[in-house]
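The values are calculated or read from the model by the stated rules, or taken from the named source; none is laboratory data. Because the structure is a prediction, the values reported are computed rather than measured. Note that we place each Cβ from the backbone using ideal geometry, even for glycine, and neighbour counts take in every protein chain shown.
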Amino acid sequence: MNGSKWMIKESLEKNAQCSFLWGGEPVRLTNHMVEKVGHYSIYVSSSKINDGVVGLGGLLMDAGNNNVMSWCSSRDFILSLVGATLLAVRLALVKVVHFKWANISIHLDAKEIVHKLSNKSIFGVANMTIAEDIFLMNILIVLEPFCDAGIVYGESACGAASAYLSKILIKGGTVVNAHHQEVADVYIEDGIIVAVQNDIMVGDDVRIIDATGKYVMPGGIDPHTHLAMEFMGTETIDDFFSGQAAALAGGTTMHIDFVIPANGSLSAGYEAYVKKAEKSAMDYGFHMAITKWDETVSREMEVMVKDKGINSFKFFLAYKGSLMINDDLLLEGFKKCKSLGALAMVHAENGDAVFEGQKRMIELGITGPEGHALSRPPVLEGEATGRAIRLAGFVNTPLYVVHVMSIDAMEEIAKARKSGQKVIGEPVVSGLVLDDSALWDPDFQTAAKFVMSPPIRAPGHGKALQAALSTGILQLVGTDHCTFNSTQKALGIGDFRKIPNGVNGLEERMHLVWDTMVVSGQISVTDFVRVTSTEWFRKIMYFVLQGKVEVTISGGKVVWENDELKAVPSSGKYIEMPPYNYLFDGIGKTDAEYLSSLRAPVKRAVHTV
Ligand SMILES: NC(=O)NCCC(=O)O
Ligand SMILES: [Zn+2]
């Protein structure tokens with residue numbers, strides 16, 4: 001390391017200013033540490049332009065810190081590159097998105113870059129988005145000198161493969177995303193998709209998976225799970241390893257779990273879940289439940305959003321006496337979510353009425369699992385859904401309704417969406433494909449397996465939910481995976497109120513949605529990707545070969561192949577949830593319209609009597 005980094009920085013600031021002014025947001029050059037000064041360096045800075053397209057610029061330096069060339073648009077720059085260099089630059093960009101704000105260092109084929117820069121083809125006109133969700137970032141790419149080995153990725157120069165990188169080429173499959181499908185190769189390096197294009201050439205150190213005749217699609221993202229959850233006097237049998245191993249076996253490669261506060265404390269709850277998640281085998285994120293309200297909770301919500309990457313908060317309108325909150329708290333929570341730009345979520349059942357329903361069943365001598373469903377009928381789900389929607393509308397904040405199980409709740413969502421309100425409805429796989437008949441099974445153990453809240457409904461509800469999913473009234477499918485074994489379920493023998501609520505689904509969700517929705521012709525293959533994966537979180541880091549799942553890739557590693565699951569404890573990664581800004585578009589305008597519609601306060605003369 002020598003003092004040249006400062007000269008480079010100075011030169012960069014002088015010579016490449018155009019690259020730092022997109023969208024009126026100057027890109028600040030921070031942390032530019034040149035680890036490998038000596039050959040060539042590319043400095044790149046980028047920002048998101050107003051129209052959402054990524055802009056990027058920088059300059060290329062040679063070993064003597066002479067300015068070789070600066071450029072102002074990565075789109076142009078990227079389009080002008082080919083082959084190994086293109087892959088390397090794309091890898092850099094995707095890594096920046098993935099690792100957020102990080103400075104990175106990679107090796108490029110310098111010859112090609114210099115050639116492209118010197119013949120100025122970099123300034124060609126282009127109209128392409130390189131990657132979504134890049135906001136402000138700085139990246140640093142260090143070039144090695146003219147390396148003859150061709151493609152060089154990783155730490156070592158000139159072809160020596162770096163041991164820690166996993167490189168996979170999925171060849172010849174039909175690549176499906178949420179909007180279109182095409183036959184293409186997918187090249188993955190170190191957990192990141194570097195390129196999706198035809199006929200990608202790779203070296204011997206790349207593992208090739210033949211996907212001819214198969215679908216290649218993003219791994220599933222389950223937006224609703226409860227792993228290692230302490231609930232109803234026990235703890236779910238699936239923890240962050242066993243639950244995730246099940247998920248990977250079924251083609252789900254990321255999930256979002258609900259942090260439950262510890263005695264109302266969000267920070268203590270968060271710490272506890274960080275510990276629980278240490279054994280993770282795949283990527284995961286967190287929502288958080290809000291179970292009480294005071295100044296500390298309000299302050300801690302802010303900390304969760306700003307420091308911990310938690311951007312969604314769930315309010316339980318059921319479970320009186322434990323997790324349930326009242327309307328007063330719900331309104332406070334909605335207001336806080338709105339002020340933070342966080343997404344409010346509800347478990348929508350009228351907990352007071354459920355309590356009444358439970359008493360009624362016990363008085364009638366109905367103590368078995370069927371009493372669970374009878375005590376909390378669809379009308380109570382519909383009421384709570386409608387109420388939450390109306391209160392969210394009153395506060396003017398977006399709302400996400402978890403586990404929509406009944407026609408009653410679904411119709412409330414349909415009505416609200418039709419009126420333009422921002423309401424998202426999540427069916428879960430159990431509600432889509434099962435009915436309540438098993439709850440009447442004479443065998444307690446069999447019946448108790450199906451106890452969850454809101455309950456799995458009578459035949460007819462599931463079909464209606466499927467139709468709502470296919471027409472867009474409901475948007476994405478979760479599981480509410482919350483598993484208890486038969487010993488735990490037996491806590492409720494003689495009193496259904498004590499049966500721990502929850503069913504499985506993490507492993508089964510992808511296949512069941514495929515069979516129920518795609519094979520039946522209710523949704524397309526691209527819709528499948530949308531409702532099981534991308535609708536929650538637009539990322540493409542994890543791929544499965546779908547149909548019958550044959551290969552699942554998570555974090556760049558093949559974790560499921562030939563009926564063999566290779567889930568590794570503690571290999572998972574925490575993914576911070578992004579701010580859901582798009583959901584808040586137009587909220588300010590509606591607020592302003594509301595205020596002007598009040599025609600108040602009326603100015604009145606003060607009369608003295
Ligand atoms: N759904 C369920 O029965 N158990 C998990 C907790 C919840 O989401 O209500
Ligand atoms: Zn849940």
inquiry  = Suppose we filter segment 393-427 for residues that are within 16 Å of ligand 1 (Cβ to nearest atom) and either surrounded by fewer than 21 Cβ atoms within 10 Å (Cβ to Cβ) or assigned to a loop (DSSP other than H, G, I, E, B) (or both); how many remain?
reply    = 7
query = Which residue pairs have Cβ atoms closer than 6 Å, lie 6 or more positions apart in sequence or on different chains, and pair a first residue in segment 409-427 that is within 23 Å of LYS589 (Cα to Cα) and in the same structural domain as LEU343 (by TED's automatic domain parsing) with a second residue that is at pLDDT below 95 and assigned to a helix (DSSP H, G or I)?
reply = LYS422/LEU583
task = Looking only at segment 361-374, decide whether some residue is under 30 Å from ILE587 (Cβ atoms) and modelled with pLDDT of 95 or more.
result = no
note = Exactly one of THR516, THR526, THR487 is out of contact with any strand residue (DSSP E or B) (no Cβ under 8 Å at 6 or more places or on another chain), part of a helix (DSSP H, G or I) and farther than 25 Å from GLU412 by Cα, and that one is THR487
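Would you say LYS320 is in contact (Cβ under 8 Å) with a residue 12 or more places away in the chain, within 17 Å of ILE389 (Cβ to Cβ) and more than 16 Å from ligand 2 (Cβ to nearest atom)? Give the derivation first.
Details: in contact (Cβ under 8 Å) with a residue 12 or more places away in the chain: yes; within 17 Å of ILE389 (Cβ to Cβ): no; more than 16 Å from ligand 2 (Cβ to nearest atom): yes.
Judged against the criteria, LYS320 is not a match.
Which one is surrounded by the fewest Cβ atoms within 10 Å (Cβ to Cβ), of the residues in segment 250-277 that are part of a helix (DSSP H, G or I) and within 16 Å of ligand 1 (Cβ to nearest atom)? Break it down stepwise before answering.
Filtering segment 250-277 for residues part of a helix (DSSP H, G or I) gives 266-277.
Retained after the next criterion (residues that are within 16 Å of ligand 1 (Cβ to nearest atom)): 269, 273, 276.
Working: GLY269: 22, TYR273: 25, LYS276: 19.
Among them, the one singled out is LYS276.
Is it fair to say PHE286 is assigned to a strand (DSSP E or B), closer than 18 Å to ASP239 by Cβ and within 14 Å of ligand 2 (Cβ to nearest atom)? Give the steps one after another, and end with the answer.
Working: assigned to a strand (DSSP E or B): yes; closer than 18 Å to ASP239 by Cβ: yes; within 14 Å of ligand 2 (Cβ to nearest atom): yes.
The answer is yes for PHE286.
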request  = Would you mind telling me which numbered condition in (1) more than 28 Å from the chain's Cα centre (by Cα); (2) closer than 24 Å to ASP480 by Cα HIS347 fails?
outcome  = (1)
query = Does segment 216-266 hold any residues that are within 30 Å of LYS320 (Cβ to Cβ), away from ligand 2 (no atom under 16 Å from the Cβ) and either at pLDDT below 95 or touching a His at 6+ places or on another chain (Cβ under 8 Å) (or both), and which are they?
reply = ASN263, GLY264
request  = Return yes when PHE450 is surrounded by 21 or more Cβ atoms within 10 Å (Cβ to Cβ) and touching a strand residue (DSSP E or B) at 6+ places or on another chain (Cβ under 7 Å) and no when it is not.
outcome  = yes
ask   = Are there any pairs, at least 6 apart or on different chains, whose C-beta atoms fall under 8 Å, with the first in segment 507-521 and over 16 Å from ALA467 (Cβ atoms) and the second buried (at least 19 other Cβ atoms within 10 Å of the Cβ) and of a type in the set (D, E, K, R), and if so, which?
value = ARG509/ASP222
ask   = Out of all the residues in segment 330-368, which are within 16 Å of ligand 2 (Cβ to nearest atom) and under 14 Å from VAL379 (Cα atoms)?
value = ALA348, GLU349, GLY351, VAL354
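Every residue, every condition in (1) surrounded by fewer than 18 Cβ atoms within 10 Å (Cβ to Cβ); (2) at pLDDT 85 or above; (3) within 16 Å of ligand 2 (Cβ to nearest atom); (4) part of a strand (DSSP E or B), yes or no:
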site	(1), (2), (3), (4)
PRO145	yes, no, no, no
ASP148	yes, no, no, no
ALA157	yes, no, no, no
ALA163	yes, no, no, no
GLU182	yes, yes, no, yes
ILE193	no, no, no, yes
ILE200	no, yes, no, no
task = Output the residues belonging to segment 297-352 that are in a loop (DSSP other than H, G, I, E, B), away from ligand 1 (no atom under 16 Å from the Cβ) and crowded, with 16+ Cβ neighbours inside 10 Å.
result = LYS308, GLY309, ILE310, ASN311, GLY341, ALA342
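Filter segment 476-498 down to the residues that are crowded, with 21+ Cβ neighbours inside 10 Å and either outside the structural domain of THR446 (by TED's automatic domain parsing) or away from ligand 2 (no atom under 16 Å from the Cβ) (or both) and list them by number. Write out each step before concluding.
Of segment 476-498, the ones crowded, with 21+ Cβ neighbours inside 10 Å are 476-484, 489, 492, 496.
Of everything in segment 476-498, those that are crowded, with 21+ Cβ neighbours inside 10 Å and either outside the structural domain of THR446 (by TED's automatic domain parsing) or away from ligand 2 (no atom under 16 Å from the Cβ) (or both) turn out to be LYS489, GLY492, PHE496.
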